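The next block holds one structure in the form of structure tokens; read it before the comments.
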Amino acid sequence: MKTTIKKMDYEKVMALPRPKHKLPRKPHMFWRVLIRLLTIVGMMGTKFTYETEGFEKIGKDEPCLFLMNHTCFQDMEVAHRILFPRPIQIVASNDGFLGLFGLMEWVMRQIGCIPTQKYVSDLRLVQDMEYCFKTLKTSVLMYPEACYSFDGTATTLPAKMGILLKKYGVPVVMIETFGAFGRNPLYNELKIRKHVPITAKATVLFTKEEIKEKSVRELTEGVENAFGFDHFRWQKAQNLHIDQPFRADGLHRILYKCAACGAENQMEGRGTHITCKHCGKSYELTTLGQLKATQGETEISH
């Protein structure tokens, strides 16, 4: 996605009119079917499969809060493949509502998206989500990390998620994807590795009753534990070989410090290797996602 930047003085920015608030809209069945058809096309070649756990504890039309790890552009397609035809509202960054002379905002609202500002406290979002659960009787899909995973592990979650869960009192479901990061990693500038399959698992974390019974701390810890993933470790455990010749491109965006000499911002990931331009130490990113020194000791392998 191309971002346009416009420089303005602070006073002018603060003087800009705030966008008028609009209540979320329940997505019509037409849009749900259309998205479903588009996801079938978009997921072609991924060999996508998924499994569910505990779904017998929640009703088919019962409003739920779906939490999902964020790894690549296809996350929304994965969610719709699992949850269709359940009506869901999707928490999305408000910059996705801009463009095409207002058409983007109209489309985003039609498909059920709820705008929010990332990385700040947004009380309006809290109210909009409650409106979806209590008035529209719809579910909400949320990516609490608010950004793509950069290194294949979880990004820090908002503090005290348990307070939010207590407020809504609806079942909480975790959707975790596997293979999506390896197929389309952010550090690699989202270059697609077409032969990497994508799978997912949707697990009921808490039922209505468990939300009432558990403390805020227990709920928060439960969510944090669910987001304790490591996709490079998963790749090795699954014996999943990714042999693209550009698999190490951009790896220095994660490993910016040389493990051998300690120099910072001298690493360069290109092709299948990452090399320090200061001391010359080089490592291969193996097909199993592990590091292996081309010469001498391998200081870090994972």
**Message:** Pairs needed: first member in region 170-187, over 30 Å from F133 (Cα atoms); second member anywhere, among the basic types (K, R) and assigned to a loop (DSSP other than H, G, I, E, B); C-beta distance under 6 Å; at least 6 residues apart or different chains.
**Reply:** R183/R193
**Request:** Look through region 225-244, keep the residues that are of a type in the set (G, A, S) and open to solvent by 60 Å² or more (accessible area, probe 1.4 Å), and return whichever of them is nearest to P144 (Cα to Cα).
**Result:** G228
**Message:** For region 88-116, give me the residue count where each residue is open to solvent by 20 Å² or more (accessible area, probe 1.4 Å), modelled with pLDDT of 90 or more and part of a loop (DSSP other than H, G, I, E, B).
**Reply:** 1
**Asked** Does region 224-236 contain at least one residue that is more than 30 Å from H252 (Cβ to Cβ) and either touching a residue at least 60 places away in the same chain (Cβ under 8 Å) or in contact with a strand residue (DSSP E or B) (Cβ under 7 Å, 6 or more places away or on another chain) (or both)?
**Response** yes
**Request:** Need at least 1 residues that are of a type in the set (S, T, N, Q) per element, so show me which helices (runs of 4 or more DSSP H) inside region 186-302 make the cut, counting only ones lying wholly within it.
**Result:** 216-226, 231-237
**Asked** Of the residues that make up region 64-72, is at least one touching a helix residue (DSSP H, G or I) at 6+ places or on another chain (Cβ under 9 Å), modelled with pLDDT under 90 and open to solvent by 40 Å² or more (accessible area, probe 1.4 Å)?
**Response** no
**Neighbours by Cβ (under 7 Å, 6+ apart or cross-chain): first from region 245-263, under 23 Å from Y148 (Cα atoms); second among the basic types (K, R)** = F246/K191; A248/R270; D249/K191; D249/R270
**Message:** Return the residues of region 134-160 that are buried (at least 20 other Cβ atoms within 10 Å of the Cβ) and over 30 Å from H302 (Cα atoms); say none if nothing qualifies.
**Reply:** T138, S139, V140, L141
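The values are calculated or read from the model by the stated rules, or taken from the named source; none is laboratory data. All of these numbers come straight from a predicted model, not from anything done at the bench. Using ideal geometry, Cβ is built from the backbone for each residue, glycine included, and neighbour counts are taken over all protein chains shown. Accessible surface areas use protein heavy atoms only, side chains included; no ligands, DNA or RNA. Shrake-Rupley method; radii C 1.70, N 1.55, O 1.52, S 1.80 Å.
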